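**Q** Have a look at this one before I ask anything.
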Amino acid sequence: MNIGVIGAGRVGRGLAAVWIRAGHDVMLSGSRDRAELDARATSIGARSASISEAVAESVVIVIAVPASITGEVLAEAGDLSGKVVIDCTNDVS
């Protein structure tokens with residue numbers, strides 16, 4: 001299954017790593033620093049992508065970003081119709 005994870009922090013990477021070990025194709029996105037995103041994705045065996053690429057190519061979308069940028073991320077994600085969306089957003093402020 002194709003899974004797009006928006007958020008390359010601890011939660012996003014942790015979930016991505018588990019799904020990769022289970023045999024799923026995972027795209028990691030969401031870091032503002034592309035070199036850092038590439039390194040994080042490579043370290044767990046995921047592919048790095050922009051948010052819109054991850055949404056377009058995935059059946060399941062995981063949102064694992066700080067609550068303060070959720071609106072910005074959803075705007076970049078575009079249409080989520082027909083996708084399974086897992087929201088791991090948590091306002092920890």
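**Q** Can you give me the long-range amide H partners of Thr89? Hydrogens built in the peptide plane at 1.01 Å from N, cutoff under 5 Å, separation of 5 or more residues or another chain.
**A** Val65
**Q** Here is a further query. Here are some values of Cα extents along the principal axes in Å: (i) 29, 29, 21; (ii) 54, 28, 17; (iii) 39, 32, 19. Which one was computed from this structure?
**A** (i)
**Q** In a GNM of the chain with a 10 Å cut-off on Cα contacts, which of Asp25, Asp33, Asp79 has the highest mean-square fluctuation?
**A** Ranking Asp25, Asp33, Asp79 by mean-square fluctuation puts Asp33 first.
**Q** Express the relative contact order of the chain as a whole percentage, based on alpha carbon pairs under 8 Å and six or more residues apart in sequence.
**A** So the answer I get is 32 percent.
**Q** Between Ile20 and Asp38, what length in nm is gained on full extension when 0.36 nm per residue of separation is reduced by their alpha carbon distance?
**A** The span from Ile20 to Asp38 would gain 4.9 nm if fully extended.
**Q** Might you report the magnitude of the Cβ-based charge dipole of the chain about its Cα centre, with Lys and Arg at +1 and Asp and Glu at -1, to the nearest 20 debye?
**A** 340 debye
**Q** Okay, moving on. When the helices in the chain are scored as -39500 (n - 2.57) per DSSP H run of 4 or longer and the sum is shared across all residues, what 222 nm value do you end up with, to the nearest 500 deg cm²/dmol?
**A** Calculated mean residue ellipticity at 222 nm is -12000 deg cm²/dmol.
**Q** Also, I was wondering about something else. Mind telling me which of Val55, Val73, Val65 comes out most flexible in a GNM of the chain, alpha-carbon contacts under 10 Å?
**A** Ranking Val55, Val73, Val65 by mean-square fluctuation puts Val73 first.
**Q** For the stretch 51-80 and the stretch 19-33, what is the centre-to-centre distance using only Cα atoms, to the nearest Å?
**A** First find each Cα centre; the distance between them is then 13 Å.
**Q** Can you compute 3J(HN,Hα) from phi for each residue in the stretch 73-79, using the Karplus curve 6.51 cos²θ - 1.76 cosθ + 1.60 with θ = phi - 60°, rounded to whole Hz and x for Gly and Pro?
**A** 5, 5, 4, 6, 5, x, 5
No value in this document is a laboratory result; all are computed from the given coordinates. Quantities reported herein were computed from a predicted structural model and do not represent experimental measurements. Counting neighbours? That spans all protein chains shown, and the Cβs are built from the backbone with ideal geometry, glycine included.
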